[in-house]
There are 2 protein chains.
Amino acid sequence: MTTKKATLKDVAKRAGVHVSTASRALDPRTRHRISADVAAKIAKAAQQLGYRHNQMAASLRTKKTNAIGIVIPDITNMLFPPIIRGVDDRIAPHGYISIIGHTEGDAEREKRVIETLQVRGIDGLIVASARLDDEAITSAMKDDVFIVTVNRRVKDEGVSSVVSDERSGVGAVLAHLVSLGHRHIGYASGPAWSSTGEARLSAYRYWAGTHGIVHSESLIARATEYREAEGARCVDVLLASNPKLTAIVCANDLLAIGALAALKKRGISCPGDISVTGFNDIPFVDRITPSLTTVRIEHYQCGSAAAGILLEDLQAGPVRREPRHIVLPVSLVVRESTGPAPKPPRRKGSR
Amino acid sequence: MTTKKATLKDVAKRAGVHVSTASRALDPRTRHRISADVAAKIAKAAQQLGYRHNQMAASLRTKKTNAIGIVIPDITNMLFPPIIRGVDDRIAPHGYISIIGHTEGDAEREKRVIETLQVRGIDGLIVASARLDDEAITSAMKDDVFIVTVNRRVKDEGVSSVVSDERSGVGAVLAHLVSLGHRHIGYASGPAWSSTGEARLSAYRYWAGTHGIVHSESLIARATEYREAEGARCVDVLLASNPKLTAIVCANDLLAIGALAALKKRGISCPGDISVTGFNDIPFVDRITPSLTTVRIEHYQCGSAAAGILLEDLQAGPVRREPRHIVLPVSLVVRESTGPAPKPPRRKGSR
DNA sequence: GGGCGAACGGCAAACGTTTGCCCGAAATCG
DNA sequence: CGATTTCGGGCAAACGTTTGCCGTTCGCCC
């Protein structure tokens, strides 16, 4: 027979004090209100009884769960685990834990997930699956949940965010390709509902105008999802209308991987015929063949920074603080998937 | 001013019924005790007030949190995300959520993590970081926590587990290599404190005796951790004492990746000179060069099955059920890292 | 028409903490 | 030495549910 869990009351009784005294003695923040000797006595009693704090009862009373929710599309997408670690490592020292919810990139599911998390009682929310227009987030904000988006952001500037410097990332990629002689550079854009999709596309347009790159709407293909299959599809449409294409910039690594596969299937060599770049530098893209030239974002730091913002919010208490927006630096990492632009086949160069 | 959250009491008041009635009307399992019309009235009131069930208060009363803990070494190790998904997808329909704890493979941390989880209040525990001798698990069992280990198991048969069929996995690998002409096959073993390390090693010994494979203790190197660096080290020690080596079987993919790198650094070709195999088939080992021949385990099913056991336990209530042990089938997946054994350099073959 | 269940729903006691308030004693001060 | 503060700790009221236990009220049967 397992002795039913010891409660604070049991501890108090054994120590010969009132339960409230026991409570105070066991909480570091209030221990100073109790004399050292009686505190010691209580500690000993707790120890002997194998007392274990009941976080749920405490939460009910204080309305603080010391838990935060992390909402991501899918944990098997390797972009997210490092972010989660960043968050967890940051919040753990403060006594928080995280609860993960999966959206599968579905807005409807996101809403359900956030709802579940709220029922569960969370003190804050970190959302990595945010859409530019995210109803679930808007509605959660109404419930006074602290939210910060990570990796992506929402249109509403009132929601704190941590993102990477998309513009310079794309700029670095383009500069790199131009320096290799590429002029006809296609772009496989991410989905329009995602801030990364939108930001990186607009960055492409911005830089394309400044580098003497051939500029045409037909050089842009739009993926509807960040999925390998979409990357392959983008290659098909780009190739169809751009015979002179020598490079394809993809809005993220998954698209790039799909693109690589599509190229291979068509017998087009990379980087021999066409160079390909990605974005994010997810784990293992340095191991594939050809290893992927991409823009490294600091996944772990993203998570950590987002958690930092949330922690500040939480400590500030109910007063709603100014939203903050952090933009983390990125770096170009050149690997095998980019190389010099091939000379035009038979005829003289087009310049 | 945000209207304070509506409570059950508010709902009851608005519907003109007693709070207990409201409680019953809102719970599908007890709704039948309430007449349809009053139930409808309550539902409407709840709806209008934006009532949201307070899981914490309920948990306090019922001592059920509907949450389970998942303990893993590190979420950025790609072996685990699919397992987690398997668990989550399985438990979600039953109203459960999961909370993840990271151990970094450290026994001490594992204990702390499980302790935290218990304070948090969890109904059960799925542990993927189990050691053969796992004090943290033993002690948690004492607290009557339902536990099932996944991927690994503990020595104590009283703890339910879900593992893969290590023995046939290793057997398949060996048969494959033998059929390619390999006879001098080294083995990079996993750590001895892990059930996979131990089971796969003993499987290697078992099969080595049956296939006419050269058998010697010097053909076995022991990794102390499942890490790439250890894989590389194993290659060093194996090569040092086995000049005729033509294949290296690694106890898991991470070791194999490390082995591949070490071989490459030494200018030894794989599979030309030496074939390499892994175990687990983690994501992306099909994308590296050379792509890895390995044993596929069903990560997702592992998680799902473990969750299934746990769910049964939970539904059975406090009666402790017989522990169950599930062994999932594996399959050999042949890729580029294995090839025919090279002929001995100059002299005639050794047979 | 009396008796018997079943159906419906109210009552109140938990569940284990935290915390504002209060009180007595000791300490400090003028 | 009286008045005032400080200190240590007890009291009890929450926090929002769930649930065993009872009363009513009906419908039904003989």
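The values are calculated or read from the model by the stated rules, or taken from the named source; none is laboratory data. Keep in mind the model is a prediction, meaning the values are calculated, not measured. Counting neighbours? That spans all protein chains shown, and the Cβs are built from the backbone with ideal geometry, glycine included.
Specify the residue that is farthest from B:I72 (Cα to Cα); the eligible residues are those in the stretch A:27-77 that are loosely packed, with under 15 Cβ neighbours inside 10 Å and of a type in the set (S, T, N, Q).
A:S35
Could you list, in sequence order, all residues of the stretch A:263-287 that are surrounded by 22 or more Cβ atoms within 10 Å (Cβ to Cβ) and β-branched (V, I, T)?
A:I274, A:V276, A:T277, A:I282, A:V285
Residue check, A:D313 against (1) more than 14 Å from chain B (Cβ to nearest Cβ); (2) in contact with a Leu (Cβ under 7 Å, 6 or more places away or on another chain); (3) not basic (K, R), all met but one. Which one?
(2)
Show the residue pairs meeting these rules: Cβ distance below 6 Å; 6+ apart or different chains; first residue within the stretch A:118-145 and within 19 Å of A:D88 (Cα to Cα); second residue at pLDDT 95 or above and among the small types (G, A, S).
Here the result reads A:I122/A:A67; A:I122/A:G69; A:L125/A:G69; A:I126/A:A306, each pair linking the stretch A:118-145 to a residue that is at pLDDT 95 or above and among the small types (G, A, S).
Of all the residues that make up the stretch A:89-119, how many are more than 12 Å from chain B (Cβ to nearest Cβ) and on the phi > 0 side of the Ramachandran plot?
Qualifying residue count for the region: 1.
Report whether or not B:G86 is within 11 Å of chain A (Cβ to nearest Cβ), more than 9 Å from DNA strand C (Cβ to nearest atom), at negative phi and touching a residue at least 60 places away in the same chain (Cβ under 8 Å).
yes
Can you name the number of the only condition in (1) more than 18 Å from B:I309 (Cβ to Cβ); (2) within 13 Å of the chain's Cα centre (by Cα); (3) in a helix (DSSP H, G or I) that B:R131 fails?
(3)
Mind checking which residues of the stretch A:40-60 are over 21 Å from A:H94 (Cβ atoms) and either out of contact with any Ser or Thr (no Cβ under 9 Å at 6 or more places or on another chain) or of a type in the set (K, R) (or both)?
Result: A:A40, A:K41, A:A43, A:K44, A:A45, A:A46, A:Q47, A:Q48.
Which residues, taken from the stretch B:120-139, are within 12 Å of chain A (Cβ to nearest Cβ), within 16 Å of B:A67 (Cα to Cα) and of a type in the set (G, A, S)?
Answer for the stretch B:120-139, where residues must be within 12 Å of chain A (Cβ to nearest Cβ), within 16 Å of B:A67 (Cα to Cα) and of a type in the set (G, A, S): just B:G121.
Can you name every residue in the stretch A:1-21 that is assigned to a helix (DSSP H, G or I) and more than 42 Å from the chain's Cα centre (by Cα)?
A:K9, A:D10, A:V11, A:A12, A:K13, A:R14, A:A15, A:V19, A:S20, A:T21
Anything in the stretch B:178-227 that is part of a loop (DSSP other than H, G, I, E, B), modelled with pLDDT of 95 or more, surrounded by fewer than 21 Cβ atoms within 10 Å (Cβ to Cβ) and of a type in the set (A, V, I, L, M)? List them, or say none.
Correct list: B:L180, B:A192.
Keeping to the stretch B:134-143, report how many residues are over 26 Å from B:L60 (Cα atoms) and either not assigned by TED's automatic domain parsing to the domain that holds B:A305 or not in a helix (DSSP H, G or I) (or both).
The qualifying residues number 1.
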